[in-house]
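Just so you know, all these numbers are worked out from the coordinates, no wet-lab data involved. Being a predicted model, the structure only gives us computed values, none of them experimental. Glycine also receives a Cβ, built like all others from the backbone with ideal geometry; neighbour counts cover every protein chain displayed.
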Amino acid sequence: MPSIDSFDANVSARTIGDRVLVSAVTLGAIALYVAPVGWATRHWVGPLGPMLLFAGFAVLLGWAYGRALMTAEVGPEGLRFMPRRGPAISIPWSEVTRVERLSTGWALVRPFLWSTARSSPSATLTGNFRIHHRGGVVAFTPDDVERFERCVETWRQSGSGRAL
């Protein structure tokens, strides 16, 4: 029986440049989204507004954390993604339409463009993949980028006869 390769999600910055850029983007997102909404809730709701806003963000982050894809398996049947909580997502090779490695620029805007896609949490802008399938899109950042890319290419070619 062929082996199945398993990959954990890479949740930390790979380089100092990653860390600086992700920190800048995070601070920018806070400045663009959180600060104005915090001001508005304080202005319209009163002193409890910011606390309600914080509680709402905590619930949203907890929900996103639970849905985060933490492990991927690549094998002869296809791809399988396991979230922290909930059912796994299995995608047979026959359903995979495209697998692409994202450039740093695309990885930078990924959270804003694919907020509905299932994805792994990531604080890195390198080694991000977007997997298109007939049911939607999955974004994953493996801990070993080169091995993940090799495994996907090998299994996909042998499983469906199509190249990446």
**Item:** Residues with amide H under 5 Å from that of residue 70, placed H, sequence gap 5 or more
**Value:** 82, 84
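Multiply the residue separation of residue 137 and residue 25 by 0.36 nm, subtract the distance between their alpha-carbon atoms, and state the gained length in nm to one decimal.
Values: separation 112, 0.36 × 112 = 40.32 nm, distance 2.31 nm.
Length difference between fully extended and current span is 38.0 nm.
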**Nearest-0.05 FRET efficiency for residue 35 and residue 100, computed from C-beta distance (R0 35 Å)** = 0.55
